[in-house]
Structures are given as structure tokens and as C-alpha cells.
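Peer 1: I'd like to ask you about the structure that follows.
The values are calculated or read from the model by the stated rules, or taken from the named source; none is laboratory data. Note that the structure is predicted; figures quoted are calculated from it, not measured. Here Cβ is always computed from backbone atoms with ideal geometry, including for glycine, and neighbour counts include all displayed protein chains.
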Amino acid sequence: MSKEIKVGVIGCGAIGRQHIARLMNTIPETRVVAVADYYQPSAQAVAEQYGITCCATGEELIARPEVEAVLVTSADPSHAGYVLECIKAGKFVFCEKPLAQTAQECEEIIRAEVAGGRRLVQVGFMRRYDRGYAAMKQAIESGEIGAPLMIHSCHRNMSQAPGFATDYAVTRVAIHEIDISRWLLDDEYATAQVLAVRQSKNTQGDWLNPQIMMLTTRSGQRIDVEVQTDGAYAYDIQCQVVGEDGTVSLPDPSAVVKRAGAACSFPIMTDWSQRFIEAYDIEFDAWAKALLNGAPDGPSAWDGYVACVTGDALILSRQTGKPEAIELMEKPSIY
Ligand code: NAP
């Protein structure tokens, strides 16, 4: 691996273009050398902007000898195939969440990575790099709040792109809470359940909104996640861990506090790209440094797999109306 990691990016949509700019301008250890996208004009525009190679397909990009690491930011159904192709080629791959669409595909990725004997895959669970969540994790690990007993959390969105569906509240939205809660608690899930709740009139489509998701861990902790996918007053992410001796809460991102008109207020952001912009920078900085040290050390294929299995159990529970067990394969030692 050279001192400057040469990255190929598959998927030049919204987040792909943001990450390309980040890898080119913010992260000193990375340089994007090739791009691909199903929609060729999109890849061509990016390639021209940066004077880099435009590949006809993701597979061609992965095979190019100068590409040392691959970033997958294409649509969800294409992730697993590209990740497997990268593992086959022995290349590092950063895959935006979700790792795959089924637990079976995640297991295939895990088996392929384990067969190669070392970690190549990192999954884009960027909240672990948010300063607020990182400080919560530190506080929990210091023992200050005693043993964690439960988490109360909220994920509130203002709107969704057309075509949104009920299951996406789990697979595209709550997937972040699924990952961050088990990371904060350092435990695996035992059960998952979706509870019915009065529906909001502020929903553009015909999907269920809001939804309440309940998780339990193997040691008996409980996590509740309120998910509003549409019509909320802001993009508002809340998380409180309750321990036996105290609580720790996610801070609101820094904002100027205004005191006027007999009130004290501060603005709340309106979308994820503003709210977690710094976390993405920290995430890719850490990824690049870890690759230069030999292997990724952030969220792994195992974490992508657990998120997928947990999501499946939540979706099943919405159909059965009862808690569903979360059963995981044995965790391979490379994770
Ligand atoms: P987007 O704007 O729709 O961009 C996806 C791009 O990939 C589109 O240009 C699409 O082309 C292209 N594409 C689709 N299938 C492809 C394939 N098989 N090979 C090559 N290119 C393909 O979506 P986005 O918002 O950037 O999201 C991209 C991914 O990032 C999603 O998986 C999403 O879940 C993830 N994401 C993660 C976060 C996070 O918080 N970590 C935030 C946002 C997005 P067409 O338009 O022709 O299909």
C-alpha cells in the first residue's frame, strides 16, 4: 500500500459525490483515482471534474491494478455483490450501510473474508465516529453511570424521497440505532419487536409512521427506538443511556443559544448530511489511517450482519405482533 491510498468509488450519487470530495480534499491519506456508476453521465461528470478514470462498470473498477481500496456508495441492492468482488480481488472495501439486503448475503461475505484470513471490509456506520456518541461510550466505559440498564432513543426525519416504504424505517433509518445501541452497550441482541402506535397525519405516503422498535440484549438491557420517518419538526437524533448510578445523553450539536422574547432556544438541523458531517470526516480519516497500518478497524462485516439479522427480526415482528428472537451465527475470531 502506497503512502497515499488510491481509492475507486462505485456510485456517484448524493453521498458518493460527498465522499469523493472528502477523500480528495479533506483526508490527506487518500486520493480517488477511478469512479463508476450505473448512470454513466453521473460518473463521467465526476471523472471530468477531478481528471480521473471513468470505468464502465463497478467490476472493471475493482479489477483496475491502480485501485488499492474501493468505496461502495451505489444503491443498496448492489452492495453485497461489489463487496464480494473486492474480497475476491483481495482489496480493502468500505461499504456504505447496509452491507447487504439479506442475512444470507452477509454470511457469504463473512465466509469469504474469513477464508482470506484477514479483515478487508468496513461498513459505514458513521455514528460511532460522532463526538457525542464517542463521549457517551467513554463515559459508560469509565463506569461513572454504573451498569447500563436501558437506552431511550429517537430518530426523527422531516421528509423522505418518493418510493419510501414501511420496511425502510428499519433497513434505512433505524439501522443506525441498531448499530449504535449495541456498540454503546457492548452486548448482542436477544429479541426485537415493533410496537403499534397512533399514526401521524404528517406522512406523505402510505407507510407506517411513526414506529416504535424495542430491542433486548443478552444481558437483559432494553432499548426503545422511536422512529419518525416523515413530518417531524427537524432532523432530530436523541439517545439517553440509563445506568444504575446515572444517565448519559447525546449532546445536541453545537449551536448558538439565543435568549430573546422571554425564551431560550437553539436551532436544530434539518438533515443527516449536516448533522453528521464531522462524523463522516473522522470516519474516513480513521479508515485511511487504519489501512495504512494494515487493516480496517471500524465497523466490520460482522456488524453489518448483526444489523441485517436484527432488521429482519424487527420486520418479522411487525407481521407477527410479538417479540422475535435474534439468532446469530458463531462469531468468527477475526472480528
Ligand atoms: P443515490 O443518490 O441514489 O446514489 C446512488 C448512485 O449509485 C446512483 O447514481 C445510482 O445510479 C448508482 N447505482 C445504483 N446501482 C448501481 C450499481 N449496481 N452499480 C453502480 N452504480 C449504481 O443514493 P445515495 O443517497 O447517495 O445513497 C447511496 C448509498 O449510501 C445507499 O446505500 C445509502 O443507504 C447509503 N447512505 C448512507 C448514509 C449514512 O448515513 N451512512 C447516508 C446516505 C446514504 P442510478 O440512479 O442510475 O440508479
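Peer 1: Using the structure shown, decide if ALA115 is in a helix (DSSP H, G or I) and either buried (at least 17 other Cβ atoms within 10 Å of the Cβ) or hydroxyl-bearing (Ser, Thr, Tyr) (or both).
Peer 2: no
Peer 1: Separate question: Could you list, in sequence order, all residues of the stretch 247-268 that are more than 19 Å from CYS154 (Cα to Cα) and among the aliphatic types (A, V, I, L, M)?
Peer 2: Selection gives ALA255, VAL256, VAL257, ALA260, ALA262, ALA263.
Peer 1: Let me ask something else. Given the options VAL35, VAL93, VAL70, VAL7, name the one that is away from the ligand (no atom under 15 Å from the Cβ), buried (at least 23 other Cβ atoms within 10 Å of the Cβ) and not in a helix (DSSP H, G or I).
Peer 2: Exactly one residue qualifies, and that residue is VAL7.
Peer 1: Hey, another quick one. So which helices (runs of 4 or more DSSP H) stay within the stretch 209-323 end to end and still have 3 or more residues that are at pLDDT 95 or above and within 18 Å of the chain's Cα centre (by Cα)?
Peer 2: 277-292, 301-320
Peer 1: In addition: Which of the residues belonging to the stretch 44-77 are free of Cβ contacts under 8 Å to residues at least 60 places away in the same chain, within 22 Å of ALA21 (Cα to Cα) and under 25 Å from the mean Cα position of the chain (by Cα)?
Peer 2: Those that are free of Cβ contacts under 8 Å to residues at least 60 places away in the same chain, within 22 Å of ALA21 (Cα to Cα) and under 25 Å from the mean Cα position of the chain (by Cα): VAL46, THR57, GLY58, LEU61, ILE62.
Peer 1: Could you tell me whether ARG119 is modelled with pLDDT of 95 or more, more than 16 Å from the ligand (Cβ to nearest atom) and either of a type in the set (Gly, Ala, Ser) or under 20 Å from the mean Cα position of the chain (by Cα) (or both)?
Peer 2: Taking the combined requirement at face value, the residue satisfies it.
Peer 1: Among GLN44, GLN40, which is the only one that is in contact with a strand residue (DSSP E or B) (Cβ under 9 Å, 6 or more places away or on another chain) and within 11 Å of the ligand (Cβ to nearest atom)?
Peer 2: Residue meeting the stated conditions: GLN40.
Peer 1: Just to be sure I understand the filter: pairs with C-beta atoms under 7 Å, separated by 6 or more residues or on different chains, first member in the stretch 26-42 and charged (D, E, K, R), second member more than 16 Å from the ligand (Cβ to nearest atom). Which pairs pass?
Peer 2: Matching pairs, first to second residue: GLU29/GLU4; GLU29/ILE5; GLU29/ALA288; GLU29/LYS289; GLU29/LEU292; ARG31/GLU4; ARG31/LYS6; ARG31/MET24.
Peer 1: In addition: Show the residue pairs that are 6+ apart or on different chains and have beta-carbon atoms under 7 Å apart, the first residue being within the stretch 238-264 and more than 19 Å from ARG128 (Cα to Cα), the second being of a type in the set (Asp, Glu) and exposed (fewer than 14 other Cβ atoms within 10 Å of the Cβ).
Peer 2: Close Cβ pairs (under 7 Å, with a partner that is of a type in the set (Asp, Glu) and exposed (fewer than 14 other Cβ atoms within 10 Å of the Cβ)) amount to GLY246/GLU144.
Peer 1: What residue, of GLU177, GLU188, is under 14 Å from the mean Cα position of the chain (by Cα) and within 22 Å of PRO323 (Cβ to Cβ)?
Peer 2: After applying the criteria, what remains is GLU177.
Peer 1: Looking at the stretch 161-215 only, could you name the residues that are surrounded by fewer than 20 Cβ atoms within 10 Å (Cβ to Cβ) and within 22 Å of ASP76 (Cα to Cα)?
Peer 2: Correct list: ALA161, PRO162, GLY163, ALA165, THR166, ASP167, TYR168, ARG172, GLY205, ASP206, TRP207, LEU208.
Peer 1: What do you reckon, is LEU120 surrounded by 15 or more Cβ atoms within 10 Å (Cβ to Cβ), under 22 Å from LEU292 (Cα atoms) and touching an Asp or Glu at 6+ places or on another chain (Cβ under 7 Å)?
Peer 2: Yes.
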